[in-house]
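Worksheet for the structure shown next.
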Amino acid sequence: MFEALTLELMQAGLSWKTIMKKRDNFKLAFSNWDYTQVAQYDQARVDELVQDASIIRHRQKIEAVINNAQRFVAMDAAPVDFSAYIWQFVDGTPIVNHWQQADEVPAITPLAIKISRDLKKRGFKFVGPTTTYAFLQAIGMVNDHIESCDFKYK
């Protein structure tokens, strides 16, 4: 979940092609997606990452990743499982939409707005409704593949 959320926030304003080319580099930069380690990154580590040309060097995004890792750790301490938290918004059942054409797929939905607001209330950063909706799609919580897509039910 931490990886998916991180990639979504890094992608904001950029192409997925750019993000996917750098995916392995992100994994290395962010301690193999171990949010407990990322949560401990200090300003010196942020400065290193901002200089790392193998990833997106956007300071606010890097700081948001670290902040979000800290939010994951805080939820663990509560204890609140992040996956259970996210999936409770749909009662554990994926939403399967039945779009015929790609231009029917929304960028945001009322659900994404609701979750975005709740994530922000919990202190998460770079989780606006569009990024949140893309995250929900990425984790399989929302299936927006068009009906003719070979991957619709895979």
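The values are calculated or read from the model by the stated rules, or taken from the named source; none is laboratory data. Since we're looking at a predicted model, the values are computed, not measured. All Cβ positions, glycine included, derive from the backbone under ideal geometry; neighbour counts span all protein chains shown.
Listing for the model above:
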quantity	calculated
Test result for F2, surrounded by 12 or more Cβ atoms within 10 Å (Cβ to Cβ), under 13 Å from Q70 (Cα atoms) and within 14 Å of the chain's Cα centre (by Cα)	yes
Helices (runs of 4 or more DSSP H) (entirely within the stretch 1-83) containing at least 3 residues that are among the β-branched types (V, I, T) and over 18 Å from L136 (Cβ atoms)	59-77
Considering residues of the stretch 53-68 that are surrounded by 15 or more Cβ atoms within 10 Å (Cβ to Cβ) and among the charged types (D, E, K, R) only, the residue nearest to L9 (Cα to Cα)	K61
All positions within the stretch 84-105 that are assigned to a loop (DSSP other than H, G, I, E, B) and surrounded by 14 or more Cβ atoms within 10 Å (Cβ to Cβ)	N97, W99, V105
The one condition in (1) under 18 Å from A64 (Cβ atoms); (2) in contact with a strand residue (DSSP E or B) (Cβ under 8 Å, 6 or more places away or on another chain) that I115 fails to fulfil	(2)
Positions within the stretch 65-95 being of a type in the set (A, V, I, L, M, F, W, C) and in contact with a Phe, Trp or Tyr (Cβ under 7 Å, 6 or more places away or on another chain), in sequence order	V65, I66, A69, F72, V73, M75, F82
Evaluation of K152 against (1) closer than 27 Å to N25 by Cβ; (2) basic (K, R); (3) at pLDDT below 95 (one fails), failing number	(1)
Where a residue in the stretch 135-154 is assigned to a helix (DSSP H, G or I) and its partner, wherever it lies, is acidic (D, E), with Cβ under 7 Å and at least six apart	F135/E8; Q137/D144; A138/E8
Residues that are surrounded by fewer than 19 Cβ atoms within 10 Å (Cβ to Cβ) and either part of a helix (DSSP H, G or I) or of a type in the set (A, V, I, L, M) (or both), drawn from the stretch 106-128	A107, I108, P110, L111, I113, K114, R117, D118, K120, K121
Residue in the stretch 72-91 that is over 30 Å from T18 (Cα atoms), among the small types (G, A, S), more than 16 Å from the chain's Cα centre (by Cα) and modelled with pLDDT under 95 present	yes
Pairs where the first residue, in the stretch 75-94, is closer than 20 Å to Y35 by Cβ and of a type in the set (G, A, S) and the second is surrounded by 12 or more Cβ atoms within 10 Å (Cβ to Cβ) and modelled with pLDDT of 95 or more, C-beta under 7 Å, 6+ apart	S83/M1
